[in-house]
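S.K.: I'd like to ask some things about the structure below.
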Amino acid sequence: ETDAFLAAFQARIDAEEKIEPNDPMPEGYRRTLVRQIGQHAHSEIVGMLPEGNWVTRAPSLRRKVALLAKVQDEGGHGLYLYAAAETLGVSREEMTEQLLDGRAKYSSIFNYPTQTWADIGAIGWLVDGAAIMNQIPLCRCSYGPYARAMIRVCKEESFHQRQGYEIMMTLAQGTEDQREMAQDALNRWWWPSLMMFGPSDKDSVNSDQSMKWKIKRFTNDELRQKFIDATVPQAEKIGLTVPDPDLTWNEAKGGYDHGPIDWSEFKRVLKGEGPMNRDRIRARQKAWDDGAWVREAARAHAAKRQPAALA
Ligand code: FAQ
């Protein structure tokens with residue numbers, strides 16, 4: 001890749017032009033997008049597991065319908081995202097193999113268990129809330145297919161977030177046991193939700209280049225700060241306490257200061273040692289193995305149609 005080629009590409013990015021699948025692009029740009037969109041797709045699909053676990057135990061028909069719809073949306077998001085990554089010349093099969101053998105990551109957040117019904121509220125409120133904060137700027141990212149996929153995804157995530165917050169609000173106004181259950185879920189999901197935004201800026205190896213290429217529009221710490229500032233008042237409004245004794249409003253910066261994040265926990269989860277890592281990959285492996293006959297049948301069907309189409 002010559003300097004002139006890289007400069008011409010950067011000029012297109014700086015001019016806010018969208019890069020489309022058949023456009024020339026640096027190999028590093030393509031690789032970064034395959035990595036990020038692939039990780040994002042895997043997160044949506046693996047993210048169906050902790051909540052899917054509660055579909056049969058939702059406390060009412062109304063809650064069950066909403067949860068079922070949310071989990072289906074996540075399956076849909078995974079499919080748009082795999083399709084967006086495929087425009088970069090990688091197949092869904094290759095991406096799935098990378099997930100199963102550990103080469104591709106998925107969000108750390110989905111390696112925690114869902115212990116009570118309140119966890120479903122906390123996931124919608126916090127995890128989808130964090131996802132929206134990160135994904136709204138992705139609607140303006142430089143790669144066309146990814147940016148366009150994010151528009152619909154964000155609309156659906158915003159319904160998911162309200163669904164979760166409403167569960168938390170209902171529990172917080174319920175019996176003492178229900179209120180405690182909501183507080184306990186907030187206590188367990190708060191810190192892992194902050195970790196969703198990725199390592200702090202000084203440790204984020206990919207941020208600088210991704211910001212230059214306008215794949216990322218904000219740094220990890222900037223988005224984490226926006227999330228905290230939006231979420232703390234929501235907790236206060238329903239009478240729950242964010243589990244961070246160091247949380248204080250900083251008038252000068254117009255945002256909250258927060259306590260230290262336990263990055264050793266984040267690293268452990270990324271290494272595969274979170275509470276649910278093994279279960280999640282086992283479930284995806286089983287789904288992949290159980291689906292082998294479908295892939296085989298589809299290939300046989302395509303092969304049979306081929307000569308007919310040529311004739
Ligand atoms: N978990 O240099 P950076 C959802 C990795 S939302 C695991 O800062 P980057 C919706 C990172 O890949 C969740 N790994 O990396 C839903 C890199 O490793 P690598 C998914 C993480 O890419 C809600 C290394 O650490 N959303 O699913 C995490 O510039 C409810 C260094 O980090 C997205 O994927 C993490 N939390 O910034 C579904 C959004 N953070 O790949 C169901 C798109 C970092 O070099 C229920 N992705 N790593 O080996 C992004 O915006 C970015 O990729 C970041 C990370 C911000 C996640």
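S.K.: Over 31 Å between Cα atoms: which of K212/K286; K212/K271; K105/K202; K64/K286 fall into that group?
M.R.: Working: K212/K286 40 Å; K212/K271 28 Å; K105/K202 20 Å; K64/K286 25 Å.
The pairs that break the limit, which is 31 Å between Cα atoms, are K212/K286.
S.K.: Continuing with the same structure: Please list 3J(HN,Hα) in residue order for segment 115-130, calculated via the Karplus relation 6.51 cos²θ - 1.76 cosθ + 1.60 where θ = phi - 60°; whole Hz, with x for glycine and proline.
M.R.: 8, 9, 4, 4, 4, 5, x, 5, 5, x, 5, 8, 6, 5, x, 5
S.K.: What is the packing order of peptides 199-209, 81-91, taking the mean over residues of other C-beta atoms within 10 Å and listing the highest first? Walk me through the intermediate numbers first.
M.R.: Working: 199-209: 13.6, 81-91: 18.5.
The peptides rank, most packed first, as 81-91, 199-209.
S.K.: Just add up the charged neighbours of M48: K/R +1, D/E -1, any other residue whose Cβ is under 12 Å from the Cβ of M48. Please list the in-between numbers first.
M.R.: Numbers: positive: K70, R280, R284; negative: E44, E51, D73, E74.
Here the count lands on -1.
S.K.: Find how many whole Å separate the alpha carbon centroid of segment 180-223 from the alpha carbon centroid of segment 154-172.
M.R.: 20
S.K.: So what is the accessible area of the chain per residue, in Å², with the probe set to 1.4 Å? Don't skip to the end; give the middle numbers.
M.R.: Details: 15680 Å² over 311 residues.
Value for the chain: 50 Å² per residue.
S.K.: Another question, if that's okay. Dipole of the chain (Lys/Arg Cβ +1, Asp/Glu Cβ -1, origin at the Cα centre): which of A7, V46, Q306 lies farthest to the positive side?
M.R.: So the residue furthest toward the plus end is Q306.
S.K.: Further question: Could you tell me the largest-minus-smallest coordinate of the C-alpha atoms of segment 175-268 on each of the three principal axes, in descending order and whole angstroms?
M.R.: Answer, in whole Å and largest first: 51, 35, 22 Å.
S.K.: Let me ask something else about it. Of all alpha-carbon pairs in segment 42-158, indicate the percentage at a distance above 24 angstrom. Spell out each step's value before the answer.
M.R.: Values: 1964 of 6786 pairs.
Above the 24 Å cut-off, segment 42-158 has 29 percent of its Cα pairs.
S.K.: Here is a further query. Mind ranking 24-30, 123-129 by how tightly packed they are, going by the mean number of other C-beta atoms within 10 angstrom, highest first? Could you put the intermediate results ahead of the total?
M.R.: Values: 24-30: 14.6, 123-129: 26.4.
Per-residue Cβ counts within 10 Å, averaged per peptide and sorted highest first, yield 123-129, 24-30.
S.K.: Per the 1.4 Å probe, what fraction of the accessible area of the chain, in percent, lies on carbon and sulfur atoms?
M.R.: On the way: 8680 of 15680 Å².
Carbon and sulfur: 55 percent of the exposed surface of the chain.
S.K.: Using 7 Å Cα-to-Cβ label points, what is the K253/T175 separation (nm, one decimal)?
M.R.: Calculated label separation equals 4.2 nm.
S.K.: Calculate for the chain the 222 nm mean residue ellipticity that helices alone would give, adding -39,500 (n - 2.57) per DSSP H run of length 4 or more and normalising by residue count, nearest 500 deg cm²/dmol. Write down the numbers at each step before the final one.
M.R.: Values: 14 runs with 201 residues, N = 311.
So the helix-based figure for the chain works out to -21000 deg cm²/dmol.
S.K.: Can I ask one more? For the residue pair R299 and L61, what label-to-label distance in nm results when each label sits 7 Å from Cα along the Cα-to-beta-carbon direction?
M.R.: 4.5
S.K.: For a Förster distance of 35 Å, can you work out the FRET efficiency between the beta-carbons of K271 and A69, rounded to the nearest 0.05? Numbers along the way, then the final one.
M.R.: Working: r = 34 Å, r/R0 = 0.98.
Calculated value: 0.55.
The values are calculated or read from the model by the stated rules, or taken from the named source; none is laboratory data. Model, not experiment: these values are computed from the prediction. With ideal geometry, Cβ positions are generated from the backbone for all residues, glycine too; neighbour counts draw on all protein chains shown. Only protein heavy atoms, including side chains, enter the accessible area calculation; ligands, DNA and RNA are left aside. Shrake-Rupley method; radii C 1.70, N 1.55, O 1.52, S 1.80 Å.
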